[in-house]
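Visitor: This is the structure I want to talk about, given as structure tokens.
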Amino acid sequence: MTVDTHDLLTMAEFSRRSGVAPSGVRFYESLGLITAERTLGNQRRFERSELRRVAFVRTAQQVGLSLEEIREALTTLPAGRAPSRGDWARLSASWRPRINARIRQLESLRDRLDSCIGCGCLSLDRCALNNPDDTEAANGPGAVFLAGERI
């Protein structure tokens, strides 16, 4: 399929429209999350459909997906066109369990935040998450009680 070069966006236009700095656009391209065509002078030109892919990447990052997971999801989309409503519904449905788990984690954190200093040492005299003898050290550094669902 030949694309009319007048329909392609320059780096500056693409960056402005996507809300991603040129360095971020180049980073996304280097990871294969988006693609650009090159002019004879080796300047990047982006199809407008790539704007949707950037929006997809940014939303997926907010959900907590890694860039590798996002790349895998993007490989399931047809190239050369913006993701359709059906494409979006299929992909976003697979994120629901992760989003729901994150919501539960944040609610738990919100509900316990005022009773714990959250630093991992749990040194308050009346701490509801008392940790004598540092028995949780094996579960990793930091606020292991706040990071998970345990009390």
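Readers should treat all values here as calculations from the given coordinates under stated rules, not as data from a laboratory. Remember, predicted model here, so these are calculated numbers, not experimental data. Cβ atoms come from the backbone with ideal geometry, glycine included; neighbour counts cover every protein chain shown.
Visitor: Short version: ³J(HN,Hα) in whole Hz for each residue of the range 41-52, in order, from phi by Karplus 6.51 cos²θ - 1.76 cosθ + 1.60 (θ = phi - 60°), x for Gly and Pro, what are they?
Guide: x, 6, 8, 6, 9, 10, 6, 4, 4, 5, 4, 5
Visitor: Of the trypsin sites (Lys or Arg not before Pro) in the range 32-103, which ones lie in a loop per DSSP and count no more than 16 other C-beta atoms within 10 Å?
Guide: Working: sites: R38, R44, R45, R48, R52, R53, R58, R71, R81, R85, R90, R98, R102; in loops: R48, R81.
Here the trypsin sites (Lys or Arg not before Pro) that fit, given the DSSP loop and packing criteria, are R48, R81.
Visitor: Quick one: 3J(HN,Hα) in Hz for the range 98-111, Karplus 6.51/-1.76/1.60 with θ = phi - 60°, rounded, Gly and Pro as x.
Guide: Per residue, the Karplus-derived 3J(HN,Hα) values read 5, 5, 4, 5, 5, 4, 4, 5, 5, 5, 5, 4, 4, 6 Hz.
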